[in-house]
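Heads up, the thing below is written out as structure tokens.
The values are calculated or read from the model by the stated rules, or taken from the named source; none is laboratory data. On a predicted model such as this, the values are computed, not experimentally measured, just so you know. Glycine also receives a Cβ, built like all others from the backbone with ideal geometry; neighbour counts cover every protein chain displayed.
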Amino acid sequence: MRYTVLAGGGSEVLDAEPEPAPPGPADERRLLAPLDAPVLGWERRPHGWCRGDACIPAAAVAGIEHDGRIDVGAFAELQGSLAVADHENGLLAVMPLPDTRPRGGAAPDFALRGPDGALHRLSDYRGRKVALVMWASWCGCRYDLPAWEERHRELSPHGLTVISVALDRAVEDARPWIDEAVPAHPALVDTEGEVAALYDVVNVPTAVWIDERGRVARPQDSQVATDLFQSMNGLSAEASLRALRRWVREGDTGLPAGGAAPGFRAPTAEGQRARAHARIAVELHRRGDAAAAENHYRRAAELAPHDVTVRRGLMGLRGEDPFGDAYFALREELGAAGIPVYRPLPTDASAEAEV
């Protein structure tokens, strides 16, 4: 059977066969691929599996090779990834599982394009502070983009670059809002959910501050640039701007001192599995199979009920209004379960008082 592999910004074809159905969810069935064909971009050689100059020693994969085949899911785990298969439709989604990174750890690098097609890597901006801002056209935070551009223009001479990332499944969904902002900053679109996965973005707006060395200075934080929806989110654009200016000009992240500051939140296996199901759902919608896509949406919601970027982000594809009843029902559900919709970080009260 042929599987289309959805990984990173592209896709490939994998010849493989699922094992007989065991008890449990269908997506947890093992997928076995022959050793004499490429698997997830790697090829079997006498001394191991290789891709370019990188090789995984034969001894490391001995336990997942059986009768001339390799366990694809276990092979993905060796590379720090997670694989979810749709055996009926021949789809395999592969998502990264980054290591837990404490505060001050290296920010995961990525490469994304903007509507103009230009490719930007986070690592291109080493030597400057970066405010990485995640938003979406299905969120009221789309109105904040011109204000983020204003912050970029004000603080760019002081060493800051704002990089905005739209968590939209199509460039055309984000384009009108990017065009309206007329950004001088890199305005990118994460159509495959790559940055959302690397940075465990469970709702927007979310901002991550990254220092000149490419290390996380302030992890995932709910931040706004306007107060248009303050009655709903309780967030202050003025406080966000003060904190950003203080960090850029003085190096003060505003996080509590004494080891109490939160660390970078790495994704969980359940969360990444949910994102893999969401990616398969999007691909099935693109193919016109709404019924099959719905199965994956529901599985994603079961695995990560707290992930608003998945649940609200797919409402449009499901024929629901992400600004209407479906969204407010989701907010009510999360509130009843004690799950926060927004996740602002604590700040150093003494630092705030000095401003």
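Checking ASP325, ASP307 one by one, the residue that is over 26 Å from LEU97 (Cα atoms) and among the acidic types (Asp, Glu) is ASP325 and no other. Among the residues examined, VAL248 qualifies as within 19 Å of ARG218 (Cβ to Cβ), in the same structural domain as ALA207 (by TED's automatic domain parsing), among the β-branched types (Val, Ile, Thr) and part of a helix (DSSP H, G or I). Of all residues in segment 177-207, those being closer than 24 Å to ASN233 by Cα, in a loop (DSSP other than H, G, I, E, B) and of a type in the set (Gly, Ala, Ser) number 1.
Give segment 263-304 a look and list any residue that's among the small types (Gly, Ala, Ser), touching a residue at least 60 places away in the same chain (Cβ under 8 Å) and closer than 22 Å to ALA74 by Cβ, or say none. Quick ask: steps written out before the conclusion?
Initial filter on segment 263-304 (among the small types (Gly, Ala, Ser)): 263, 266, 269, 271, 274, 276, 278, 281, 288, 290-293, 300-301, 304.
In the following step, the residues that additionally are touching a residue at least 60 places away in the same chain (Cβ under 8 Å) were identified as 263, 266, 269, 271, 276, 278, 292, 304.
Matches in segment 263-304: ALA266, ALA269, GLY271, ALA276.
With ALA33, ALA37, ALA21, ALA26 as the choices, which residue is more than 23 Å from ALA300 (Cα to Cα) and modelled with pLDDT under 95?
Details: ALA33 fails: modelled with pLDDT under 95; ALA21 fails: more than 23 Å from ALA300 (Cα to Cα); ALA26 fails: more than 23 Å from ALA300 (Cα to Cα).
None of the others qualify; the one that does is ALA37.
From the list ARG215, ARG169, which residue is more than 27 Å from LEU334 (Cβ to Cβ) and of a type in the set (Lys, Arg)?
Working: ARG169 fails: more than 27 Å from LEU334 (Cβ to Cβ).
Exactly one residue qualifies, and that residue is ARG215.
Residue under question is LEU97, and the condition is that it be in contact with a Pro (Cβ under 9 Å, 6 or more places away or on another chain) and not small (Gly, Ala, Ser); does it hold? Criteria met by LEU97. Of these, GLU65, GLU19, GLU88, which one is surrounded by 14 or more Cβ atoms within 10 Å (Cβ to Cβ), over 30 Å from ALA111 (Cα atoms) and not assigned by TED's automatic domain parsing to the domain that holds ALA111? That would be GLU65, the only listed residue that is surrounded by 14 or more Cβ atoms within 10 Å (Cβ to Cβ), over 30 Å from ALA111 (Cα atoms) and not assigned by TED's automatic domain parsing to the domain that holds ALA111. Return yes when ARG128 is farther than 29 Å from GLY254 by Cβ and modelled with pLDDT of 95 or more and no when it is not. Spelling it out, it is not the case that ARG128 is farther than 29 Å from GLY254 by Cβ and modelled with pLDDT of 95 or more.
Within segment 160-176, track down each residue that is under 20 Å from GLY316 (Cα atoms) and in a strand (DSSP E or B).
VAL165, ALA166
Being touching a residue at least 12 places away in the same chain (Cβ under 8 Å) and charged (D, E, K, R) is a property that holds for ASP71. Put simply, of GLY254, GLY313, GLY288 the only residue that is over 21 Å from the mean Cα position of the chain (by Cα), buried (at least 22 other Cβ atoms within 10 Å of the Cβ) and not in a helix (DSSP H, G or I) is GLY254.
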